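Just below is one structure, and these are the notes that go with it.
The values are calculated or read from the model by the stated rules, or taken from the named source; none is laboratory data. Remember, it's a predicted structure, so these values are computed and weren't measured experimentally. Ideal geometry is used to build each Cβ from the backbone, glycine not excepted, and the neighbour counts take in all protein chains shown.
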């Protein structure tokens, strides 16, 4: 097999197999403490790493070169802060919403926005998340995106569910299925801000901790608990 043919095969392989996605932005709420003298509460919205009184970064927001968090991780009006240590999220008192549309109207959502820095373009691949949902509770959820911050489009055609496994106070969360966003045309060559929205509602279950409502949070798993994967391309 001659060198010219080998070169053509290598070029074809490069075209068929794109570069592996990298983490563009991520949140890790490991250091948030709600009680005691050393309490450090998460900001609303949460866009930057939070330091301890000694100046150590303890709750980390990681942003890749060429990317910026244009709007931090934030709770919709249907949520209040969950007050869970080493986690970030909210508690909703809504017991009536049973669809995504009803949950949207009730304000049961979480949002964040990212954008390319000047001179860059983003190719978004996936969203990864570790969730905390009370044991015995099942939630429905759907991810949406918006390029203007107002009009949102569902990313999947059907909602997903989470069967909660978070029980004891020091309990851990669960890793949800990766959300593939690589086939969404506007997110393949993103030159402006995009807002992601996670809409949530309770399907079934009840707890003494949130009677009539439900808890949703990210955290308590190794590494980052919410991240967007993709590529930041310079000079596009």
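Got a number for residues in the range 102-121 being over 30 Å from residue 235 (Cα atoms) and touching a strand residue (DSSP E or B) at 6+ places or on another chain (Cβ under 9 Å)?
Number satisfying all stated conditions: 8.
For residue 141, only one of the following conditions fails: (1) closer than 25 Å to residue 67 by Cα; (2) in contact with a helix residue (DSSP H, G or I) (Cβ under 9 Å, 6 or more places away or on another chain). What is its number?
(1)
Which count do you get for residues in the range 189-202 that are crowded, with 16+ Cβ neighbours inside 10 Å and more than 15 Å from residue 27 (Cβ to Cβ)?
Residues in the range 189-202 being crowded, with 16+ Cβ neighbours inside 10 Å and more than 15 Å from residue 27 (Cβ to Cβ): 9 in total.
Those residues that are part of a strand (DSSP E or B) and either at pLDDT 95 or above or under 10 Å from residue 141 (Cα atoms) (or both), I need them from the range 158-169; list them, please.
Selection gives 160, 161, 162.
Consider residue 72 carefully, then state whether it is out of contact with any strand residue (DSSP E or B) (no Cβ under 7 Å at 6 or more places or on another chain) and closer than 22 Å to residue 219 by Cβ.
So residue 72 does not fit the description; no.
For every residue, the table says whether it meets (1) within 13 Å of the chain's Cα centre (by Cα); (2) over 19 Å from residue 98 (Cβ atoms); (3) in a loop (DSSP other than H, G, I, E, B).
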site	(1), (2), (3)
123	no, yes, no
127	yes, yes, no
139	no, no, no
144	yes, no, no
156	no, no, yes
171	no, yes, yes
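Are there any pairs, at least 6 apart or on different chains, whose C-beta atoms fall under 8 Å, with the first in the range 135-154 and without any contact (Cβ under 8 Å) to a residue 24 or more places away in the chain and on the phi < 0 side of the Ramachandran plot and the second in a strand (DSSP E or B) and surrounded by 19 or more Cβ atoms within 10 Å (Cβ to Cβ), and if so, which?
As it stands, the answer is 153/144; 153/145, since those pairs meet every condition given.
Return yes when residue 86 is modelled with pLDDT of 95 or more and out of contact with any helix residue (DSSP H, G or I) (no Cβ under 9 Å at 6 or more places or on another chain) and no when it is not.
Taking the combined requirement at face value, the residue does not satisfy it.
Name every residue in the range 206-218 that is crowded, with 16+ Cβ neighbours inside 10 Å and farther than 13 Å from residue 176 by Cβ, in order of residue number.
207, 210, 213, 214, 215
Within the range 220-233, does at least one residue satisfy the condition of being surrounded by 13 or more Cβ atoms within 10 Å (Cβ to Cβ), over 23 Å from residue 31 (Cα atoms) and out of contact with any strand residue (DSSP E or B) (no Cβ under 6 Å at 6 or more places or on another chain)?
Checked the range 220-233: no residue is surrounded by 13 or more Cβ atoms within 10 Å (Cβ to Cβ), over 23 Å from residue 31 (Cα atoms) and out of contact with any strand residue (DSSP E or B) (no Cβ under 6 Å at 6 or more places or on another chain).
Name the residue that is farthest from residue 65 (Cα to Cα), counting only residues in the range 94-118 that are assigned to a loop (DSSP other than H, G, I, E, B) and out of contact with any helix residue (DSSP H, G or I) (no Cβ under 8 Å at 6 or more places or on another chain).
95
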